[in-house]
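I have placed the structure first, in the form of structure tokens, so that the comments after it can refer back to it.
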Amino acid sequence: MNGREYRGRTGPSRRSVIAGLGAASLALTAHRSFAAGDELIVADYGGVTTEVSRRAFYQPFEKATGVKVIEATTTGFAQLKAMVLAGNVQWDVVSTEEQNMFVGGATGLLEPIDYSVIKTDGLLSGAAQKFGLVKSYYSGNLAYNTAKFSSPPQSWADFWDVGRFPGSRGMRNSPQENVEFALLADGVTPEKLYPLDVPRAFQKLDQIKPHVKVWWTSGAQSMQIIADNIVVMTPTWNGRVEGARRNGVPVELVWNQALLIGAPYVVQ
């Protein structure tokens, strides 16, 4: 399904994901030779995502190779693209969204992965792609302020229903994931979702647009607008909600109709 699936089915456990990908994910560095004492710059999205990557990938890699992992933060695919076009690539390995991997590969922004020198034993099915290696999965969810609703939203149709669930909305400043959410809100069932009916999705997005107060541009911002009571609900990613909860933000996830999305490592 275009690299995405839906929650609600039986899937791999966190343990199996880490066991299958931990040894291979940083093997993308085989595109150049390293020796003990060298440094490897890996860009990720920050927050809980980087915390988990540090424990699951960076620290075991450092211990096994003697190569120091230098952590960097990426703001998204536009930053990666700008580096490549300017001839000023500053990272060795980059974590991105699965759809960006396909776009970057098709447009010449990413290097194909040489699997003749990278072990793929134990990887999950579909993890080894031509232009990247999916090292983890995350979900795109509806998140809401728990202090605002005695009967919380349960679906994307509820997100669109400003009569039953009043208050300003937030949405990502990108069609990525919003197209799927709009179609689900419009009654399309998961098994009929792909190929995407983009015109229908944008007609549905036109209905919610007047109620969107913030078109956010980062995962951190998606949670900040909840914490600051600017919006009552927004699409976001599960890791961002976990981090916000740790900081006392009254926010909850809706797992119904969530998107399961791959996060690959790629090489510019």
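Between P175, P199, P166, where does the largest GNM mean-square fluctuation fall for the chain, given springs only between Cα atoms within less than 10 Å?
Highest fluctuation among the options: P199.
For the pair V84/R164, report the inter-label distance in nm, with labels modelled 7 Å from Cα in the Cβ direction.
4.3
Compute the whole-percent fraction of alpha carbon pairs in segment 222-268 spaced more than 18 Å apart.
Roughly 37 percent, rounded to a whole number.
Taking only C-alpha pairs under 8 Å that are 6+ residues apart, what is the relative contact order of segment 111-268 in percent?
Taking the mean separation of contacting Cα pairs over the length of segment 111-268, I get 41 percent.
Express in % the proportion of alpha carbon pairs of segment 102-183 at distances exceeding 18 Å.
Summing the P(r) of segment 102-183 above 18 Å gives 62 percent of all pairs.
Can you give the helix-only mean residue ellipticity at 222 nm for the chain, where every DSSP H stretch with n ≥ 4 adds -39500 (n - 2.57) and the sum goes over all residues, rounded to the nearest 500 deg cm²/dmol?
Estimated from H runs of four or more residues: -8500 deg cm²/dmol.
Hey, any idea what % of the chain's accessible area is carbon plus sulfur with a 1.4 Å probe?
Summing carbon and sulfur atoms, their accessible area is 50 percent of the total for the chain.
Send over a whole-number figure in Å² for the accessible area per residue of segment 165-207, probe 1.4 Å.
48
Could you work out how far apart the two model spin labels at W215 and R55 are, taking each label as a point 7 Å from the Cα in the direction of the beta carbon, and quote it in nm?
3.7
Can you check what the net charge comes to around S222, using other residues whose Cβ is under 15 Å from the Cβ of S222 (Lys, Arg +1; Asp, Glu -1)?
The answer is 0.
Name the residue farthest towards the positive end of the dipole of the chain from the options Y58, T107, F131, assuming +1 on Cβ of Lys and Arg, -1 on Cβ of Asp and Glu, about the Cα centre.
The listed residue farthest towards the positive side: Y58.
Using alpha-carbon positions, what is the distance between the centroids of segment 51-84 and segment 127-153, in Å?
Their Cα centres are 21 Å away from one another.
State in Å² the accessible area per residue of segment 37-133; use a 1.4 Å probe, count heavy atoms of protein chains only, and round to the nearest integer.
Normalised by residue count, the accessible surface of segment 37-133 is 50 Å².
Using θ = phi - 60° and the Karplus form 6.51 cos²θ - 1.76 cosθ + 1.60, what ³J(HN,Hα) does each residue of segment 223-237 get, whole Hz, x for Gly and Pro?
Computed from phi, the couplings for segment 223-237 are 8, 5, 6, 6, 4, 8, 6, 7, 10, 9, 7, 6, x, 6, 10 Hz.
Checking the cross-link filter: which lysines have an alpha carbon closer than 22 Å to that of K209, excluding same-chain neighbours under 8 positions apart?
Straight-line reach from K209, under 22 Å: K148.
Using the Cα centre as the reference, give the magnitude of the dipole from point charges on the C-beta atoms of the chain (Lys, Arg: +1; Asp, Glu: -1; all else neutral), rounded to the nearest 20 debye.
420
The values are calculated or read from the model by the stated rules, or taken from the named source; none is laboratory data. Here the structure is a predicted model, which means the values were calculated and not measured. Reconstructed Cβ throughout: ideal geometry from the backbone, glycine too, with neighbour counts over all protein chains shown. Calculation scope for accessible area: heavy atoms of the full protein, side chains included, ligands and nucleic acids excluded. Shrake-Rupley method; radii C 1.70, N 1.55, O 1.52, S 1.80 Å.
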